[in-house]
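Where a number appears in this text, it was derived from the coordinates with a stated rule and is not lab data. Predicted model, so just to flag it, every value in this text is computed and none were measured. Here the Cβ is made from the backbone with ideal geometry for all residues, glycine too, and neighbour counts use every protein chain on show.
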Amino acid sequence: MNIKTFFINILSMSTIASIVFCLILLTRKMLDKKIGQKKLSLLWIVFIIVLIFPINFSSRLSIKNYLPKKEVEQATLNISNLYDTYMIHDNNTLSNITDRTSRNIDYIKILSLIWILFTVGSILKNILLYSTIISHKKYIEIPDNIHNILEKCKKKLNIKKDIKLVIQERVQTPSLYGIFNTKILLTKEVLNLSNDELECIIMHELNHYKGGHNFIYLFISLLECVYWFNPIMYFAGKLIRQDLEFITDDLVIGDGIKLKKYCETIIKVSTISNLNVCTLPSISSGKKNIERRIRKMKNKVCDTKYAIAFLVVAITVISLVTVSLASNKVPEENEVNVYSVSDKVEELLSGEEFIIEDIDSNEAEDNKVEEETTITLPLKDFEVSVPFSKKVHPVTGKEIFHTGVDLKATDSDDIMAVDSGKVIYAEYDYEGGNTIKILHSNGTTSIYKHGSKIYVKVGDEVEAGDVIMKVGATGMATGPHLHFEMIAEDGSYIDVNSMFE
């Protein structure tokens, strides 16, 4: 998948996640007095899933099934009509249009490059911040009483991992640092606190560790770097971290720490320290957040007997809305995608695929490759695994018309152009993986899919037998093979079985 396609997916996922975020806020407001914070925080799972996994499938739940269909004067349009309409009668005219189109500014590509630069820059900035924290440590000897408190708290929480205490000046409030080599960061000012106050601090950080919050904090920071252009992501990250602090406070109180002493410790720590230079699980999280946390602890919500049912319904509804927004329309029986004339011109020039959901096998039979043709085979060594016919899709399980042939080969085999022509498409496609389309002088187009590496680019002139791609298993493929097909000048698929008999 190229950066442009990936960026378009990021934009789509960001838009859907923003809608899901609003639904989560509404749901939290409705269930605030009915469900405890720990269970209510499970709603964020749907939000994070939308940000991680691109949703691309057909569903009856898709909102696109209920949108009004675009009215057009004709239901189908073939390439010969396109040539007549735009007076494209030779390859030179088509070449001139292609050259003019290629000079147009690709704004999506420019935006995708800007996005990747800012994303990489943000990630490197965070890595630099994290890596410099420990480099600023001061080797101050930890008093024995603090070591004893740490061991006592670890025993109470049944934590066997070796977690070290570090005195440093970079992070100005007690915090949890690291994923594998985990440390509790302290400042020299904290050493003057009483044993009970130190126990509150250490219990708080150890509960963060036990809940895996150090990993969640890091993961949310990564998502903020990827979705830096969406301000909702920062607001969501802030709320997720706030929820983790609420959950940790409940756990500390549940472990036997007195509420009054714990609240006093949080306030005292906030008066002698500042906010972190980077986001780490910490007992002090700013004055406003501390006020919220103390109010939350004093007015602790007890789950109602319908709490789980409310939560299941809420997550189900939000998930269904997500599927409705993200999934594609399910094509009706015998439905054909319809394009306007201008769409078809753009498709011809850009090489984007004109997909036919259903095809008449009798029509295809009339377009067989004639025996006297001098077309070169696309592979030297191969085995026909799926011919031009109806088949069950190996990934989706749906019965479709297989518009080409699948040629089983090894991932080291070269794919060759079957005839001379001009490359009109050479990109990654979600379903076809690395795909190449070549327009030939007789008006036919040959298509090669699932390659591992592309050797040509749009606009290249190729001869029959030229190596254009390497066999692979990219896109929706179950193993290394070449999917090869040909489209006639009138837009119908050619039965290519005779080529491989």
(request) Would you mind getting me the FRET efficiency between Glu383 and Ser452? Use the beta-carbon distance for r and R0 = 22 Å, nearest 0.05. (result) 0.75
(message) Using 0.36 nm times the number of residues separating Ala464 and Thr478, minus their current alpha carbon distance, what extension gain do you get?
(response) 2.2 nm
(message) What distance in nm separates the two pseudo spin-label positions at Leu222 and Ile267, each 7 Å out from Cα along the beta-carbon direction?
(response) 4.0 nm
(message) Assuming 0.36 nm per residue, please report the length gained on full extension of the stretch Asp144 to Ile315 beyond their Cα-Cα distance.
(response) 56.7 nm
(request) Provide Val20, Val313, Val226 in ascending order of the number of other Cβ atoms located within 10 Å of each residue's Cβ, fewest first. (result) Val313, Val226, Val20
(request) Could you run the Karplus curve 6.51 cos²θ - 1.76 cosθ + 1.60 with θ = phi - 60° over the stretch 402-408 and give me ³J(HN,Hα) per residue in whole Hz, x for Gly and Pro? (result) 7, 7, x, 10, 9, 10, 6
(message) Suppose each label sits 7 Å from its Cα in the direction of the beta carbon; what would the Ile108-Ile179 distance come out to in nanometres?
(response) 3.2 nm
